[in-house]
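A.B. asks: Encoded as structure tokens, here's the structure I'll be asking about.
The values are calculated or read from the model by the stated rules, or taken from the named source; none is laboratory data. Values in this document were obtained by computation on a predicted structure and should not be read as measured data. Glycine also receives a Cβ, built like all others from the backbone with ideal geometry; neighbour counts cover every protein chain displayed. Each accessible area value is taken on the protein alone, full model and side chains, heavy atoms only, with ligands, DNA and RNA left out. Shrake-Rupley method; radii C 1.70, N 1.55, O 1.52, S 1.80 Å.
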Amino acid sequence: MRIVVLVSGSGTNLQAVIDDLHHGDAPVEIVAVGADRPCTGLERAEAAGITTFLVRPADHPDRAQWNRALERAVASHHPERVVFAGFMRIVDAEFVAAFPGLVVNTHPSLLPSFPGAHAVRDALAYGVKLTGATVHEVVADVDAGPILAQVAVAVEDQDTEDTLHERIKTAERQLLVDCLADLAR
Ligand code: GRF
């Protein structure tokens, strides 16, 4: 399964996919990694010898044109799946329609609880005792779309946003790897 992965940050989810799935006889091949900003995720891809691309909003006159540029960059690699792994931008409906049913996202909460950019902070503030991570299909609405896989993570009394997010990310990386392997099969 040819995948393009989009990242914005530290890229530890990407690294898990590189380490566990992007080799020899594995069922998944990362054909390119793209980002909206220079980031550690891109550096991880380069270190693994994977083709990278950068499509920055600031280099385009408006959001629609940035979306079209991103769409072209992704499409040029002919992916069978597009994976948002810590990609912190919202794409438009036209982008989603260009890869129908093929875009997946990983999110650090048990959706539909706590969508949005501060999922871990919001879960902690609400006081839930159980949160987790979700891999779901991307649709035009943010953090919506059919759920493909979920994992639960217990909140501990002394948790801060950082400690909880780190524990979620440990579970999230394995969830993403398992989910992509399942999709490939
Ligand atoms: C993940 O928890 C992802 O769900 C969220 O940001 C984090 C990205 O981590 N949107 P990384 O860049 O893969 O390390």
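A.B. asks: Taking the chain as the reference, fit the longest principal axis to its C-alpha atoms, fit the long axis of helix 161-184 to the helix C-alpha atoms, and give the angle between the two in degrees, 0 to 90, nearest 10.
C.D. replies: Compared with the principal axis, the helix lies near 50 degrees.
A.B. asks: Another question about this same structure. To one decimal place, what Kirkwood hydrodynamic radius in Å is obtained for the stretch 124-180 from all pairs of distinct Cα atoms?
C.D. replies: Evaluated on the stretch 124-180, it is 12.2 Å.
A.B. asks: Using alpha carbons only, how many degrees (0 to 90, rounded to 10) separate the axis of helix 63-75 from the longest principal axis of the chain?
C.D. replies: On a 0 to 90 degree scale, this one is about 70.
A.B. asks: What does DSSP give for the chain in terms of the percent of beta bridges that are antiparallel, rounded to the nearest 5?
C.D. replies: 40 percent
A.B. asks: Determine the distance separating the Cα centre of the stretch 1-76 from the Cα centre of the stretch 79-109; give it in Å without decimals.
C.D. replies: 12 Å
A.B. asks: Using the basic label-point model (7 angstrom from Cα toward the beta carbon), what is the Glu166 to Ala26 distance in nanometres?
C.D. replies: 2.5 nm
A.B. asks: How do 48-54, 77-83 rank on mean C-beta neighbours within 10 Å, highest first? All intermediate terms of the calculation are to be shown ahead of the outcome.
C.D. replies: Details: 48-54: 15.1, 77-83: 19.1.
Sorting 48-54, 77-83 by mean packing, highest first, produces 77-83, 48-54.
A.B. asks: So, one more: Could you state the accessible area per residue of the stretch 79-156 in Å², with a 1.4 Å probe and every protein chain left in place?
C.D. replies: 46 Å²
A.B. asks: While we're here: Between Gln150, Gln158, Gln174, find the one with the highest GNM mean-square fluctuation for the chain; connect C-alpha pairs within less than 10 Å.
C.D. replies: Maximum among the listed residues: Gln158.
A.B. asks: What does a probe at Thr40 reach in the stretch 132-168, counting residues whose amide N is under 17 Å from the point 7 Å along Cα→Cβ?
C.D. replies: 161-168
A.B. asks: Here's a follow-up. Report the calculated FRET efficiency for Gln174 and Ala152 (r = Cβ-Cβ distance, R0 = 22 Å), to the nearest 0.05.
C.D. replies: According to the calculation, E is roughly 0.95.
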